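Student: Structure incoming, see below.
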Amino acid sequence: MDKLLFKDLNLSSEVINAIEDMGFKTTTEIQFKAIPLIKKGLDVIGKSQTGTGKTVAFGIPCVEAIDTKVKKGVQALILCPTRELAVQACEEINKIAKYKPNIKTADIYGGASIERQISKLKSANIVVGTPGRVMDHMRRRTLKLDNLKMIVLDEADEMLSMGFREDIETILTVTPLERQTILFSATMPSEILALTRKFQNNPQMVEVNRNQHTVSNISQCYYNVPMGRKMDALNLLLKFYNPKLSMIFCNTKKMVDDITDYLTKHKFSAQGLHGDMNQSQRTKVMNSFKSGKTNILVATDVAARGIDVNNIDYVINYDIPQNTEYYIHRIGRTGRAGKSGKAITICSGRHQSEIMSRLARLVKAKISLEEMPTIDEVLSKRYENELAEIKSNLSGPINDKYMQMASSLQKEGYPSEKIIAALLCMHFGEFNLDIDEVKSIKNSSAAKSVSYKKIIINIGRTKRVAPNHIVGAITESTVLSGKDIGKIEIFDDKTIVCVPEHALDDTIKQMKNCKICGTPTVTKIYKSKSPFDNSSSSKRNSSQNRTYNKGKRKRK
């Protein structure tokens, strides 16, 4: 049993009515497990992913615990890692307390007016804030915790990773010993366990089925494309799926900026979010995304913490997440509030493909490998989407002025079909793609009858190049697998490689600007008189050149 009705949790009628107004009748797993324990006054450790309803899980008992007869003093403090999460948690608690008289909240965080926060704190009995700003108010004596009954650490692992450990320990140290301490975390690293041992009293562990949320409503897949074509692959996938609201995850701030610039140049409505942005920039980006003015948000894992938007239909991992927990956090942004969602990961090469296979086993989910859509498939999907949009508009009222305009054009002799086509072009743009096709990497074995041609790369033994470096560079940059590659000859300052004739031109094109052992290289078709054959180093010591064939090495 993983669900209960909220009315079966022995809650006040005011909270029950507020929860119903929020559209909730049944609990999530974390809610029905945690709420009764917290209401009993026990210390609780909740291991739960984003999107499982943990804000309500601690928000309900928090509201129920407030004694409104006490006129002054903060009775509950909730610590969050980011401004966005603090704001959202405060909003959620205000909804829960809708019918509870005299419950006052204050959200406090950096980058906002401290005077306005001080004014709120004078009457607040529930405070939600980031550790740094909470410490700031404590130093100013504008936040006093003498009457504190409950403290909640939300996203505790993220707060520690952001460097808030010292602040958190200071806050916990100065609060009353008899307080109730609630901790929620997606992961349980040693630092979290150290906190629980030091500051919690016989805590009760609550752990939800981490796969339940991520798998039930989310379709998961990945694409394997050449390393140099990942952005083009992203372009095609966005045009193929045409998401209404999507998030793209990257591992670095620079990649967030690069992808945002790329998408903007290709006329997508995209904005980036990362840690180097100031609070006003973050707020502007988030407001634009939540309102739908921007439909693609590109973000790092840390920057995305606390984002709670229910209508995200696609999550795209441009970079493979650094661990399983990050993957679960990312894809948990979609498939919320009972809606379906899709999670897509873009891989490059055999190694990353193997990571996805391991990831599927770890999260106990099916993550299917799919073929990149062709240009024709993308255009066909676009045709269907645009036709559906037109039909939808035709079913509704149309402004009389536009009807008059259409009639006027017909009277002037313009054919109806041409008028419609011209208007469609104005609305949707030219019906073509400004990008070449991106082919998926296939793990196909080279047949014995395959004809080979030679390519030459201007790097060799003097740069400490080995066969595995050459094979790795080719398989990461092209659609070829290791089994497709034939004989490899490594010289002092060049390498000659046999590749299937049918893939020759694509290999030359995709190996452009490829780095091998950190050195930029040039790849060309090998001819009897190669452009790299003029150097003296390649002529001398020719007896030492080595040939590698299907993994076996011999002196030449």
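Student: For D43, work out the one condition from (1) open to solvent by less than 30 Å² (accessible area, probe 1.4 Å); (2) within 20 Å of I328 (Cβ to Cβ) it doesn't fulfil.
Tutor: Among (1) open to solvent by less than 30 Å² (accessible area, probe 1.4 Å); (2) within 20 Å of I328 (Cβ to Cβ), the lone unmet condition for D43 is (2).
Student: Related question: Please work out which one of (1) closer than 20 Å to S340 by Cβ; (2) at pLDDT below 90 is the condition S291 fails and give its number.
Tutor: (1)
Student: Every residue in segment 72-98 that is part of a loop (DSSP other than H, G, I, E, B) and either more than 18 Å from E158 (Cβ to Cβ) or open to solvent by 30 Å² or more (accessible area, probe 1.4 Å) (or both), please.
Tutor: Matches in segment 72-98: K72, G73, V74, Q75, A97, K98.
Student: Output the residue which, of all residues in segment 2-16 that are open to solvent by less than 70 Å² (accessible area, probe 1.4 Å) and within 14 Å of I96 (Cα to Cα), is modelled with the lowest pLDDT.
Tutor: Out of the qualifying residues, it is F6.
Student: Return the residue satisfying two criteria in turn: it lies in segment 220-239 and is open to solvent by 10 Å² or more (accessible area, probe 1.4 Å) and not in a strand (DSSP E or B), and of such residues it is nearest to Y314 (Cα to Cα).
Tutor: K239
Yes/no per residue for (1) touching a Leu at 6+ places or on another chain (Cβ under 9 Å); (2) modelled with pLDDT under 95:
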site: D146; (1), (2): no, yes
site: M150; (1), (2): yes, no
site: A156; (1), (2): yes, yes
site: L160; (1), (2): yes, yes
site: G163; (1), (2): no, yes
site: E166; (1), (2): no, yes
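Student: Another one. Given the conditions (1) open to solvent by less than 50 Å² (accessible area, probe 1.4 Å); (2) at pLDDT 90 or above; (3) within 30 Å of A76 (Cα to Cα); (4) not in a strand (DSSP E or B), which single one is not true for H213?
Tutor: Condition (2) is where H213 drops out.
Student: For segment 46-71, name all the residues that are more than 24 Å from I331 (Cβ to Cβ), touching a helix residue (DSSP H, G or I) at 6+ places or on another chain (Cβ under 6 Å) and open to solvent by 10 Å² or more (accessible area, probe 1.4 Å).
Tutor: None - no residue of segment 46-71 is more than 24 Å from I331 (Cβ to Cβ), touching a helix residue (DSSP H, G or I) at 6+ places or on another chain (Cβ under 6 Å) and open to solvent by 10 Å² or more (accessible area, probe 1.4 Å), so the list stays empty.
Student: Could I ask something else about it? Hey, could you check segment 468-495 for residues that are assigned to a loop (DSSP other than H, G, I, E, B), out of contact with any Cys (no Cβ under 7 Å at 6 or more places or on another chain) and not hydrophobic (A, V, I, L, M, F, W, C) and say which is modelled with the lowest pLDDT?
Tutor: Among them, the one singled out is S481.
Student: So, in segment 467-513, of the ones that are surrounded by 18 or more Cβ atoms within 10 Å (Cβ to Cβ) and of a type in the set (S, T, N, Q), which residue ends up nearest to G349 (Cα to Cα)?
Tutor: T475
Student: Search segment 21-49 for residues being part of a helix (DSSP H, G or I) and under 31 Å from the mean Cα position of the chain (by Cα), and hand back the single one that is farthest from I151 (Cα to Cα).
Tutor: D21
Student: Right, another one. Please verify whether segment 99-110 includes one or more residues that are small (G, A, S), more than 14 Å from L77 (Cβ to Cβ), open to solvent by 50 Å² or more (accessible area, probe 1.4 Å) and modelled with pLDDT under 95.
Tutor: No; the residues of segment 99-110 include none that is small (G, A, S), more than 14 Å from L77 (Cβ to Cβ), open to solvent by 50 Å² or more (accessible area, probe 1.4 Å) and modelled with pLDDT under 95.
Residue-by-condition table, conditions (1) at pLDDT 85 or above; (2) open to solvent by less than 50 Å² (accessible area, probe 1.4 Å); (3) in contact with a strand residue (DSSP E or B) (Cβ under 7 Å, 6 or more places away or on another chain); (4) not in a loop (DSSP other than H, G, I, E, B):
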{"site": "S392", "(1), (2), (3), (4)": "no, no, no, yes"}
{"site": "E417", "(1), (2), (3), (4)": "no, no, no, yes"}
{"site": "I435", "(1), (2), (3), (4)": "no, yes, no, no"}
{"site": "K442", "(1), (2), (3), (4)": "no, no, no, no"}
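Student: So which residues in segment 341-381 are of a type in the set (V, I, T) and over 20 Å from the mean Cα position of the chain (by Cα)?
Tutor: First, the residues of segment 341-381 that are of a type in the set (V, I, T): 344-346, 355, 363, 367, 374-375, 378.
Selection gives T374, I375, V378.
Student: For T28, all conditions in the list (1) open to solvent by less than 20 Å² (accessible area, probe 1.4 Å); (2) in contact with a Gly (Cβ under 8 Å, 6 or more places away or on another chain); (3) not charged (D, E, K, R) hold save one; what is the number of the exception?
Tutor: For T28, the exception is condition (1).
Student: Considering only segment 496-503, I want to know if a residue exists there that is at pLDDT below 90 and closer than 19 Å to G228 by Cα.
Tutor: yes
Student: Next question, about the same structure. Working carefully through the options T68, T52, find the one that is among the polar types (S, T, N, Q), in contact with a His (Cβ under 7 Å, 6 or more places away or on another chain) and either within 30 Å of D301 (Cα to Cα) or not in a strand (DSSP E or B) (or both). Steps first, answer last, please.
Tutor: Details: T68 fails: in contact with a His (Cβ under 7 Å, 6 or more places away or on another chain).
Among T68, T52, only T52 is among the polar types (S, T, N, Q), in contact with a His (Cβ under 7 Å, 6 or more places away or on another chain) and either within 30 Å of D301 (Cα to Cα) or not in a strand (DSSP E or B) (or both).
Student: Is it true that V465 is of a type outside the set (D, E), under 30 Å from C221 (Cβ atoms), modelled with pLDDT of 85 or more and more than 28 Å from the chain's Cα centre (by Cα)?
Tutor: No: the conditions fail for V465.
Student: Please determine, by comparing only the residues of segment 240-271 that are closer than 18 Å to Q322 by Cβ and in a helix (DSSP H, G or I), which one is most open to solvent (accessible area, probe 1.4 Å).
Tutor: Here is the first cut: in segment 240-271, the residues closer than 18 Å to Q322 by Cβ are 247-256, 259.
Right, trim to in a helix (DSSP H, G or I) and you get 253-256, 259.
Details: K253: 91, K254: 135, M255: 50, V256: 0, I259: 0 Å².
Result: K254.
Student: Quick check on L387: is it open to solvent by less than 20 Å² (accessible area, probe 1.4 Å), free of Cβ contacts under 8 Å to residues at least 60 places away in the same chain, assigned to a helix (DSSP H, G or I) and of a type outside the set (K, R)?
Tutor: For L387, the condition - open to solvent by less than 20 Å² (accessible area, probe 1.4 Å), free of Cβ contacts under 8 Å to residues at least 60 places away in the same chain, assigned to a helix (DSSP H, G or I) and of a type outside the set (K, R) - is not met.
The values are calculated or read from the model by the stated rules, or taken from the named source; none is laboratory data. All figures in this text were calculated on a predicted structure; none of them were measured in a lab. Note that each Cβ is placed from the backbone with ideal geometry, even for glycine, and that neighbours are counted across all protein chains shown. Ligands, DNA and RNA are stripped out before the accessible areas are found, and what is left, the full protein with its side chains, is counted by its heavy atoms. Shrake-Rupley method; radii C 1.70, N 1.55, O 1.52, S 1.80 Å.
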